[in-house]
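Q: Here you go, one structure.
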Amino acid sequence: MKTKIEKNQKTILRRCSVCDKKITIIINRDRTYKNGHYFGEIKIPAGKGKEKEVEYWECPECYKDQKLKKTS
Ligand SMILES: [Zn+2]
C-alpha cells in the first residue's frame, strides 16, 4: 500500500513494538497522525538492572490483530 504524503504533513520513522516492522508515521499539521498507533512511553529493561523509556508504537496490522483478540 502506498501512502501519499501531502505538503502539510511530515513523517517520522518508528518501529512497531510488536512485530518490529518499520512504520512510517504521518503527522498532520494539527498534530493528528496516521499509519500507526502510539500508546505512550513504556519502560523496558536496558541491562544491569536499569530501565529505559521507549515510545510504544504499533503498526496498523498489529493494532488490528490485538483489537480482534480483545473482542474474541
Ligand atoms: Zn506490528
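Every number in this text was worked out from the coordinates using simple rules, so none of it is lab data. This one's a predicted model, so the numbers in the text were calculated from it and none came from an experiment. FYI the Cβ positions are ideal-geometry reconstructions off the backbone, even for glycines, and counts take in every protein chain you see.
Q: Please list, ordered by chain and number, the residues whose modelled amide H lies under 5 Å from the amide H of ILE23; skip anything fewer than 5 residues away on the same chain.
A: ARG14, ARG15, CYS16
Q: Let me ask something else. Where in the range 36-55 does the amide nitrogen come within less than 13 Å of the point 7 Å from the Cα of TYR63, taken along Cα to Cβ?
A: Of the residues in the range 36-55, 36-40 have backbone N under 13 Å from the label point off TYR63.
Q: Let me ask something else. Which of the GluC sites (Glu not before Pro) across the chain are loop residues per DSSP, with 15 or fewer other Cβ within 10 Å?
A: Passing sites in the chain are GLU6.
Q: Take the alpha carbon atoms of the range 45-69, find their center, do the same for the range 1-26, and report the distance between the two centers in whole angstrom.
A: Using only Cα atoms, the two centres lie 16 Å from each other.
Q: Another one. How many percent of all Cα-Cα pairs in the chain sit more than 17 Å apart?
A: Across the chain, Cα pairs with separations above 17 Å total 53 percent.
Q: Mind pulling the angle between the C-alpha long axis of helix 60-71 and the longest principal axis of the chain? Nearest 10 degrees, somewhere in 0 to 90.
A: With both axes taken from Cα atoms, the answer is about 60 degrees.
Q: Moving on. Using Cα pairs closer than 8 Å and at least 6 residues apart in sequence, work out the relative contact order for the chain, in percent.
A: 25
Q: Report the FRET efficiency, 1/(1 + (r/R0)^6), for LYS7 and TYR38, where r is their Cβ-Cβ distance and R0 is 22 Å, rounded to 0.05.
A: 0.45
Q: Then there's this: How about the chain: which trypsin sites (Lys or Arg not before Pro) there lie in a loop by DSSP and see at most 10 other Cβ atoms within 10 Å?
A: Sites meeting the loop and neighbour criteria: LYS2, LYS4, LYS7, ARG29, ARG31, LYS48, LYS50.
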